[in-house]
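See structure below.
What follows is calculated from the coordinates using simple rules that are stated; it is not laboratory data. Keep in mind it's a predicted model, so treat the numbers as computed, not measured. All Cβ positions, even for glycine, are placed from backbone atoms using ideal geometry, and neighbour counts span all protein chains on display.
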Amino acid sequence: MMETISQSISEVVKTDNTIHAIMEFKATDPIFAGHFPNNAIIPAVYQIGVCRNIVERFFGGKFSCLQRSRFSAVCRPEIRYAVSVTVTAQDNKTLATCSIKLEAAMQSKIVLVYE
């Protein structure tokens, strides 16, 4: 799973507390064999995995939990999605807020908690 996720992330640009990247899964990835034949969509767990991969690769930290997620639209293979991850400190934890967009339309919003 992690290899598929890593290969789906490109064009990474890091600023102080934000990462911008492109997410694109290939239609031939085995994840689409069962999700769903002839109507492939990127599983939510893989979208969360992209966000987690970006945070851990560029900011580090120990993943604690998924605070919330909202999947507003279906994400499909062979389409380039803009991913933006912003990391902020709150109380004794770090929040990573991840947005996945197609052009200006929000596809998914994911908030991860790190220790």
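Round to the nearest 10 and give me the degree value, 0 to 90, for the angle of helix 44-58's Cα axis relative to the longest principal axis of the chain. Helix 44-58 sits roughly 40 degrees off the main axis of the chain. With R₀ set to 22 Å, the beta-carbon distance separating ALA89 from GLU24 gives a calculated FRET efficiency near 0.10. Modelled this way, with points 7 Å down the Cα-to-C-beta line, the labels at SER99 and ALA44 are 2.1 nm from one another. For segment 1-57, the share of alpha carbon pairs falling in successive 10 Å distance bins from zero is 21, 53, 20, 5, 0 percent. From zero outward in steps of 10 Å, how is the percent of C-alpha pairs of segment 29-91 spread across the bins? For segment 29-91, the pair-distance distribution reads 16, 48, 28, 7, 1. Under the classification rounded if a/c is under 1.5, otherwise prolate if a/b is larger than b/c and oblate if not, where does segment 73-115 fall, given a ≥ b ≥ c as square roots of the Cα gyration tensor eigenvalues? The shape class here is prolate.
The packing ranking of peptides 46-58, 23-35, highest mean first, is 46-58, 23-35, where packing means the average number of other beta carbon atoms within 10 angstrom of each residue. The calculated Kirkwood hydrodynamic radius for the chain is 14.3 Å, given to one decimal from all distinct C-alpha pairs.
One chain, two ends: VAL113 and GLU56. Fully extended at 0.36 nm per residue, the span grows by 19.4 nm beyond their Cα-Cα distance. Between PHE36 and ARG80, the modelled label-to-label distance comes to 2.9 nm, taking each label 7 Å out from Cα in the direction of the beta carbon.
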